[in-house]
1. What is the set of long-range amide H partners of TYR184 at a cut-off below 5 Å, with H atoms built 1.01 Å from backbone N?
2. Pick out, in residue order, every one of the chymotrypsin sites (Phe, Trp or Tyr not before Pro) in the range 60-128 that is DSSP loop and has at most 16 other C-beta atoms within 10 Å; say none if there are none.
3. Count the net charge of all other residues whose Cβ sits under 13 Å from the Cβ of TYR57, scoring Lys and Arg as +1 and Asp and Glu as -1.
4. Kindly list the residues of the range 183-211 that lie in the label zone of ASP94, defined by a backbone N under 20 Å from the point 7 Å along the Cα-to-C-beta vector.
5. Using the Karplus equation 6.51 cos²θ - 1.76 cosθ + 1.60 (θ = phi - 60°), what ³J(HN,Hα) coupling, rounded to whole Hz, does each residue of the range 57-69 give in order, writing x for Gly and Pro?
6. Say a site is exposed when it is one of the GluC sites (Glu not before Pro), sits in a DSSP loop, and has at most 16 other Cβ atoms within 10 Å; what is then the longest site-free stretch of the chain?
7. Considering only protein heavy atoms and a probe of 1.4 Å, how much of the accessible area of the range 22-95 is carbon and sulfur, as a whole percent?
8. Relative to the present Cα-Cα distance, how much length would full extension add between PHE111 and ASP29 at 0.36 nm per residue of separation?
Amino acid sequence: MKKIINYFLNVIFPRECLGCAKNDYLVCDECLSKIEDYSGEKVIPDIVDKVLICSSYKNSLIKKIVHFYKYKYISDLCFPLSKLMIKKYESEKDKILDPIVVCAPLSKKRFNLRCYNQAELLAKEFSGNFNYKFLPDLIIKTRHTKQQAKLNREERLINLKDSFAVSDCEICKNNNFIIIDDIYTTGATVNEIAKVLKDNGAKEIWALVIAKD
């Protein structure tokens, strides 16, 4: 059914690259290759041990892709975005040992609105490429929170405090993790997730994000 719906949507609204308007692409490889690696202010890890950032949110194409991915509900944009994540991680010489991949969860209210978790789709593509174990339901949201994008730094930290939990404490013990999310601003989301993982015995934790705002 989804394929049929997508077929008719493509007929009525033909796909055009968000970068150059080339037909039949959401983001063509040429435009994707032109997205510059992150070279901004270095992120000093807090609870996570390492933060990998693909690009800057100041990049106009990245900003456009993420906006369409999250707020225009074009879920297939997970494919070009995950390519950026895979490329970034491949560039790391000393990779984290045998990690479990997790993602930032959505509250039921926000999931029902969007019908998909954008971080989960990215994590699925990323983990599949490296044959890493992916546990989409290990991190759970314990309460609905306000949208982080609408809050300042202090409000973001308060908003997410104690809003995550783990569904299986035993899985956390003595394992390494990679947290996948889309945008890193204050680091509140990945640090809160890392906190509950480490509180339950996790060892090394990395965060991998599309862009830093």
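The values are calculated or read from the model by the stated rules, or taken from the named source; none is laboratory data. From a predicted model like this one, the values you see are computed outputs, not experimental measurements. Backbone-built Cβ (ideal geometry, glycine too); neighbour counts: all protein chains shown. All accessible areas refer to the heavy atoms of the entire protein, side chains included, with ligands and DNA or RNA removed. Shrake-Rupley method; radii C 1.70, N 1.55, O 1.52, S 1.80 Å.
1. It is ALA211, LYS212, ASP213, by chain and number.
2. Details: sites: PHE68, TYR69, TYR71, TYR73, TYR89, PHE111, TYR116, PHE126; in loops: TYR73, TYR116.
For chymotrypsin sites (Phe, Trp or Tyr not before Pro) across the range 60-128 that sit outside H, G, I, E and B with at most 16 neighbouring Cβ atoms in 10 Å, the list reads TYR73, TYR116.
3. Values: positive: LYS58, LYS63, LYS64, LYS70, LYS212; negative: GLU36, GLU41, ASP181, ASP182, ASP213.
That sum, taken over residues with Cβ under 13 Å, equals 0.
4. 203-208
5. Those phi angles translate into 6, 6, 5, 4, 6, 4, 4, 5, 4, 5, 4, 5, 5 Hz.
6. Counting only loop sites that pass the neighbour cut-off, the longest clear stretch is 93-203.
7. On the way: 2110 of 4460 Å².
That share works out to 47 percent.
8. On the way: separation 82, 0.36 × 82 = 29.52 nm, distance 2.96 nm.
Between PHE111 and ASP29, full extension yields 26.6 nm more.
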